[in-house]
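To start, the structure under review is shown below, and the notes come after it.
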Amino acid sequence: MTTLAAILLGAAPGYGAGIAALVAAKKTARRQARAIEHLREELQILLVQQQTEYRDGIGQMGENLAQLQEGFRQTEEALHGRLTSSQRAKAIELMRSGLSPEKAAASLAMSRSETRLIATVARFCRL
């Protein structure tokens, strides 16, 4: 056997082990690539779910805001037509000075029913 043949036969097990290691590394790389792709798909699904939840939450907040604004508008409208405490005090003062509820209502630009109610409550409170 020649020296070259002896070297090749002696190196053959090392080459075989090297080739086997390369094949195993390539299989591991493919397996890891598939795992990474699977994780990427799962993350994409989670991201879409989170976006949907956030959109739904924002939509709900918008609806709640609209309801609050409507309630505020209704409260403002209800309070706009009501008597203020200074108007009530003036009406009581006029009626205590001897004016009838109807005349007090006319002088303060109030409804007669409101001044009558004020007069009734004032009389009740004096008792």
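General observations
- Given (1) loosely packed, with under 10 Cβ neighbours inside 10 Å; (2) among the acidic types (Asp, Glu); (3) modelled with pLDDT of 90 or more, number of the condition residue 76 does not satisfy: (3)
- Answer residue from the stretch 30-81, given it is under 14 Å from the mean Cα position of the chain (by Cα) and of a type in the set (Val, Ile, Thr) and is nearest to residue 114 (Cα to Cα) among those: 58
- Counting residues in the stretch 51-64 that are hydrophobic (A, V, I, L, M, F, W, C) and modelled with pLDDT of 90 or more gives one or more.
The values are calculated or read from the model by the stated rules, or taken from the named source; none is laboratory data. All values reported here derive from a predicted model rather than from experimental measurement. Note: ideal-geometry Cβ built from the backbone for every residue, glycine included; neighbour counts use all protein chains shown.
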